[in-house]
Amino acid sequence: MSAESTPEPGIPGESGTSAPRRRAKGRRRKTRSTRRKALLITAWTAAGIVVLGGTGAGIVYFKLNSNLKNVDINQALGTDRPTKVDNGSENILVLGSDTRSGSNKKLGGGTDDGSARSDTAMIVHVYKGHKKASVVSIPRDTLVQRPSCTDTKGVTHDAASGVMFNSAYSTGGAACAVKTVESITGIRMDHYLEVDFSGFEKLIDDLGGVSVTTTKDIKDPDSHLNLAAGTHTLDGKQALGLVRTRHGVGDGSDLGRIQLQQAFIKALVDQVKHIGVLSNPKKLYDLADTATKAVTTDSEIGSVSDLASFANGLKGISSSNMHMVTMPVQYDAANANRVLVDKAKSELVWKALKGDRPIPKAATEGTATGTAKGVVSSG
């Protein structure tokens, strides 16, 4: 069940009521919760596989089409949105959700209350010509001004200040998540893609695993992960553990986890591009079946044919042509477990994307960062 059907009013600790505390320089207290770890997701994996799966006909097409879930973002948000920039580029909000119900419960933990949270959020900017992309990760712990928004059921949710970014999704689902991102960036999201825990794990298994190399041991009982330094072919459970871990390596921060996620996505893109599924019809169908079950999209790409057409424009982007950054933030002096948007630096990012230009190095210099960069690379 997605947050579209059971929105949650918020998440504990989002109001920033914690008393001010001192934090040792260069350190950050590790988060208590292991249930709301980030799920990963990459648009190219799910969508790219659908391109292949969409070549089928008859019963296969209708079976795959019936797997897809979609939400009408445009109808929910109406006209009070940033103007679409018609310069050949596209902006896609990609979310990873940790739904608490069904098969996700054993992966995400917590009460089977049907709730879901967006623990991974990425803005994917595909440049004109569709040969390059910039990916901007938004830390879930960022304190933001959440705008008033109407969800896809027509329920309006009040604005809120000083709340965690991922409260937008848990409060009003996909539509409110998109509204919040557009409010932060001033950029219209052309499309929306979401993947959940169980779909991600099965997708990795259907791919035959993903090869990565780690430069350090990564051990995190909370994420069921135990990797010695070296090269590994990760199965679905291990891959999910890697993109969820905060305590296995680095400083235990969400920013460090984002660095692991970004490295894994590049490895995953490389894996998908080199996999030979066209010669194996059963594997082709299994991948397409899993991918279409795993994703929720906006209604404009809510059919196999539409999603295939959309994905066809992404398949030429290689990992070497993906520039991955984290939205510029600084640690919150009042709460070591939260970060604040660095408005001046972030504006450099948003201006670059609006103009379909590369993100300048100056945008991320001097901003808060994790300590897991370089720990994971393609195997």
Across region 279-307, the tally of residues that are open to solvent by less than 20 Å² (accessible area, probe 1.4 Å), of a type in the set (A, V, I, L, M, F, W, C) and out of contact with any strand residue (DSSP E or B) (no Cβ under 7 Å at 6 or more places or on another chain) stands at 4
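For region 124-144: of the residues being in a loop (DSSP other than H, G, I, E, B) and touching a Leu at 6+ places or on another chain (Cβ under 8 Å), which is farthest from Leu95 (Cα to Cα)?
At the first step, the residues of region 124-144 found to be in a loop (DSSP other than H, G, I, E, B) are 127-132, 138-141.
When the remaining residues are screened for being touching a Leu at 6+ places or on another chain (Cβ under 8 Å), the result is 130, 139.
Details: His130: 21, Pro139: 12 Å.
Once the filter is applied, the top-ranked residue is His130.
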Filter region 183-198 down to the residues that are part of a helix (DSSP H, G or I) and open to solvent by less than 10 Å² (accessible area, probe 1.4 Å) and list them by number.
Thr185, Phe197
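Suppose we keep only residues that are at pLDDT below 85 and in a helix (DSSP H, G or I) within region 64-120. Which one would you say is most open to solvent (accessible area, probe 1.4 Å)? Spell out how you get there, then give the answer.
Just the residues of region 64-120 that are at pLDDT below 85, to begin with: 64, 97-119.
Now narrow it down to the ones that are in a helix (DSSP H, G or I): 64, 102-108.
On the way: Leu64: 4, Gly102: 56, Ser103: 70, Asn104: 6, Lys105: 83, Lys106: 171, Leu107: 31, Gly108: 2 Å².
Applying the filter and picking the extreme gives Lys106.
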Closer than 21 Å to Ala344 by Cα, open to solvent by 10 Å² or more (accessible area, probe 1.4 Å) and touching a helix residue (DSSP H, G or I) at 6+ places or on another chain (Cβ under 8 Å): is that true of Gly162 in this structure?
no
Of the residues in region 145-166, those that are farther than 13 Å from Ile184 by Cβ, touching a residue at least 24 places away in the same chain (Cβ under 8 Å), of a type in the set (Val, Ile, Thr) and in a strand (DSSP E or B) number 1
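Any residue that is at pLDDT below 85 and either in contact with a helix residue (DSSP H, G or I) (Cβ under 7 Å, 6 or more places away or on another chain) or under 25 Å from Tyr331 (Cα atoms) (or both) - is there at least one of those in region 229-243?
Step one: of region 229-243, the residues at pLDDT below 85 are none.
Scanning region 229-243 turns up no residue that is at pLDDT below 85 and either in contact with a helix residue (DSSP H, G or I) (Cβ under 7 Å, 6 or more places away or on another chain) or under 25 Å from Tyr331 (Cα atoms) (or both).
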What are the pairs with Cβ atoms under 8 angstrom where one residue, in region 257-283, is among the β-branched types (Val, Ile, Thr) and the other, located anywhere, is at pLDDT below 85 and part of a loop (DSSP other than H, G, I, E, B)? Sequence gap at least six, or different chains.
Ile258/Ala38; Ile265/Leu40; Ile265/Thr42; Val269/Thr42
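The values are calculated or read from the model by the stated rules, or taken from the named source; none is laboratory data. Small disclaimer: the values here were computed from a predicted structure and weren't measured. Heads up, the Cβs are rebuilt from the backbone with ideal geometry, glycines too, and the neighbour counts pull from every protein chain shown. With ligands, DNA and RNA removed, areas are computed over all heavy atoms of the protein, side chains included. Shrake-Rupley method; radii C 1.70, N 1.55, O 1.52, S 1.80 Å.
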